[in-house]
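Quick notes on the structure that follows.
The values are calculated or read from the model by the stated rules, or taken from the named source; none is laboratory data. Being a predicted model, the structure only gives us computed values, none of them experimental. Counting neighbours? That spans all protein chains shown, and the Cβs are built from the backbone with ideal geometry, glycine included.
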Amino acid sequence: MTHSKKKIIKEIKIDPDKCNGCRACEIACAAFHSNPKYNGFNPARSRIRMIINEINDEWVAIRSASLNKTECKARSRYIINGKEYSECSFCSAICSSRDMFREPDSDLPLKCDMCGEDPDQVPLCVQICSRDVLTYSTREETVQDEVNWLEMERGLKSLSKKHGLKKVKDAAFHMMKKK
Ligand code: SF4
Ligand code: SF4
């Protein structure tokens, strides 16, 4: 079942021409999402990753978005302002064809959560970028409130593989009792 609700949408625009590939955004995101917070700096746990091709002078920061269950066939090369970008450079999908946006231990998808719901919380990757590559803004929108079953299914499968289905069920039951 779905219903509409007003929601503050957080947006980050990316200007690849300003990026120097310092990768501070990756470190900041990984640190913000580590447990305990700021206790780990592994870029493999970041929800923003750099696509780098030094020969092409290509530096593109990509934030992860949707999960692709199967690889897509819509791969394109882009030419923007006379500069050619590689296939998938601007794709934010969590996709099996590339080694990023997966939690290294559990294989869970690492989707960008915009550093939380609070619109006043400027995302960490934006804060850390000293080249103004990332521009943060908000807008209000009416959205459909619905469950992303594909992501939930993948997450539950991964947790069941790691902990066993019974423990996952027990944890869910425990959470419901606490509500
Ligand atoms: S922090 Fe900014 S300049 Fe550095 S890699 Fe990220 S987007 Fe590029
Ligand atoms: S907005 Fe937050 S979660 Fe998303 S990529 Fe930037 S630091 Fe990571």
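Taken together, Asp107, Asp118 contain a single residue that is in the same structural domain as Pro16 (by TED's automatic domain parsing), assigned to a loop (DSSP other than H, G, I, E, B) and under 30 Å from Ser4 (Cα atoms), which is Asp118. Every listed requirement among (1) under 29 Å from Met152 (Cβ atoms); (2) at pLDDT 90 or above is met by Ile52 save one, (1). Whenever a residue of the stretch 131-146 is under 13 Å from Pro119 (Cα atoms) and in the same structural domain as Cys29 (by TED's automatic domain parsing), its partners that are within 16 Å of ligand 1 (Cβ to nearest atom) and in a strand (DSSP E or B), lying with C-beta atoms within less than 9 angstrom and at least six residues away or across chains, give the pairs Tyr136/Glu11; Tyr136/Ile12; Tyr136/Lys13; Ser137/Glu11; Ser137/Ile12; Ser137/Lys13; Thr138/Glu11; Arg139/Glu11.
Of all residues in the stretch 18-67, how many are within 12 Å of ligand 1 (Cβ to nearest atom) and part of a loop (DSSP other than H, G, I, E, B)? Qualifying residue count for the region: 6. The residue pairs whose first member lies in the stretch 61-80 and is within 19 Å of Asp17 (Cα to Cα), whose second member is among the acidic types (Asp, Glu) and surrounded by 11 or more Cβ atoms within 10 Å (Cβ to Cβ), and whose beta carbons are closer than 7 Å, counting only pairs six or more residues apart or on different chains, are Arg77/Glu84; Arg77/Glu87.
A search for C-beta distances below 6 Å between a residue of the stretch 150-179 that is without any contact (Cβ under 8 Å) to a residue 12 or more places away in the chain and any residue that is surrounded by 12 or more Cβ atoms within 10 Å (Cβ to Cβ), counting only pairs 6+ apart in sequence or on different chains, returns Ser160/Val168. Does the stretch 124-138 include one or more residues that are over 21 Å from Ile14 (Cα atoms), of a type outside the set (D, E, K, R) and at pLDDT 90 or above? No, the conditions are met nowhere in the stretch 124-138.
Among the residues making up the stretch 125-154, those that are part of a helix (DSSP H, G or I), more than 16 Å from ligand 2 (Cβ to nearest atom) and in contact with a strand residue (DSSP E or B) (Cβ under 7 Å, 6 or more places away or on another chain) are Leu150, Arg154.
Applying the set (1) modelled with pLDDT of 90 or more; (2) among the basic types (Lys, Arg); (3) away from ligand 2 (no atom under 16 Å from the Cβ) to Arg98 leaves exactly one unmet item: (1).
Tyr85: in contact with a helix residue (DSSP H, G or I) (Cβ under 7 Å, 6 or more places away or on another chain), of a type in the set (Ser, Thr, Tyr) and touching a residue at least 24 places away in the same chain (Cβ under 8 Å), yes or no? Taking the combined requirement at face value, the residue does not satisfy it. For the condition over 23 Å from Ser160 (Cα atoms) and within 14 Å of ligand 2 (Cβ to nearest atom), Ala24 qualifies. Restricting the stretch 84-122 to residues that are small (Gly, Ala, Ser) and within 15 Å of the chain's Cα centre (by Cα) leaves a set whose member that is farthest from ligand 1 (Cβ to nearest atom) is Ser96.
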